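Visitor: Before we start, here is the structure in question, set down as structure tokens.
The values are calculated or read from the model by the stated rules, or taken from the named source; none is laboratory data. None of these values were measured; they are calculated from a predicted model. Virtual Cβ from ideal backbone geometry, glycine too; neighbours counted across all protein chains shown. For the accessible areas, the whole protein counts, side chains as well, though only heavy atoms, and no ligand, DNA or RNA atoms are used. Shrake-Rupley method; radii C 1.70, N 1.55, O 1.52, S 1.80 Å.
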Amino acid sequence: MESDIARVLFDEDTIRKRVRELAAQVVSLYADLESGITIVPILSGSIIFLADLIRQMPMRRIRMALLQVSSYRDEASPGEARILMNLTGEVSGRHILIVDDILDSGGTLSRVQGMIREKQPASMKTMVLLRKPGKAPPKIQADFVGFDIEDLFVVGYGLDYAGLYRNYPHIGVLRPEFMKPTL
Ligand code: 5GP
Ligand code: MG
């Protein structure tokens, strides 16, 4: 797998450190909240990030409402954000933290934020591990961002190419010869 990667942008240790900082920000923001929060992770790209993040959040009341969205169909170009699996938990009246792997064109977050807003949560914030600045329209924002990156297609730490590389522990750029529709 290592040989398929052209360049590592963030290694395991760097990611772990940043995830710990993000978790601390969330914990301090919601410290006084008796009711706790409901995390809405956008599957599948956020799974590794989510698993590491919540274990750094020593809060008594964290609930989860899963959502699966597909925006890429096996090729490295954005498409329509499609809901593949609807919310598995309650969001109305709850304090919601949406968690996604990456904010690119903003199509996914626009769809998800709109959908959650309609259900009238008590509050709604968004966290992304990665963001490609300047690509999403200004009204699509994340409140917490792990790292800003160049406009490159990255894999690893949950992010896939054609379903592969989610288990790569670092975040890196795939060699162009491995980004083929025939793979
Ligand atoms: P957006 O809808 O903002 O264009 O893209 C968000 C979704 O597209 C992310 O949740 C992620 O699944 C996918 N995506 C965007 N950029 C990348 C990338 O560089 N690498 C990978 N693997 N997925 C990406
Ligand atoms: Mg995604």
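Visitor: For region 1-20: of the residues being touching a residue at least 60 places away in the same chain (Cβ under 8 Å) and under 16 Å from the mean Cα position of the chain (by Cα), which is surrounded by the fewest Cβ atoms within 10 Å (Cβ to Cβ)?
Guide: That would be R18.
Visitor: Would you point out the residue of region 162-183, among those that are part of a strand (DSSP E or B) and either away from ligand 2 (no atom under 16 Å from the Cβ) or among the charged types (D, E, K, R) (or both), that is most open to solvent (accessible area, probe 1.4 Å)?
Guide: V173
Visitor: Show me the strands (runs of 3 or more DSSP E) found entirely inside region 67-161 where at least 1 residues are away from ligand 1 (no atom under 12 Å from the Cβ), farther than 16 Å from I47 by Cβ and open to solvent by 30 Å² or more (accessible area, probe 1.4 Å).
Guide: 82-85, 95-103, 123-131, 144-148
Visitor: For region 21-35, which positions are surrounded by fewer than 17 Cβ atoms within 10 Å (Cβ to Cβ) and either farther than 29 Å from A81 by Cα or touching an Asp or Glu at 6+ places or on another chain (Cβ under 6 Å) (or both)?
Guide: Scanning region 21-35 gives E21, A24, V27, S28, L29, A31, D32, L33, E34, S35.
Visitor: Next question, about the same structure. If I15 satisfies every condition in (1) within 16 Å of ligand 2 (Cβ to nearest atom); (2) over 28 Å from Q120 (Cα atoms); (3) of a type in the set (A, V, I, L, M) but one, which is the exception?
Guide: Looking at each condition in turn, I15 falls short on (1).
Visitor: Suppose the filter is modelled with pLDDT under 95, surrounded by 14 or more Cβ atoms within 10 Å (Cβ to Cβ) and either more than 15 Å from ligand 1 (Cβ to nearest atom) or not hydrophobic (A, V, I, L, M, F, W, C) (or both); does M64 pass it?
Guide: The answer is no for M64.
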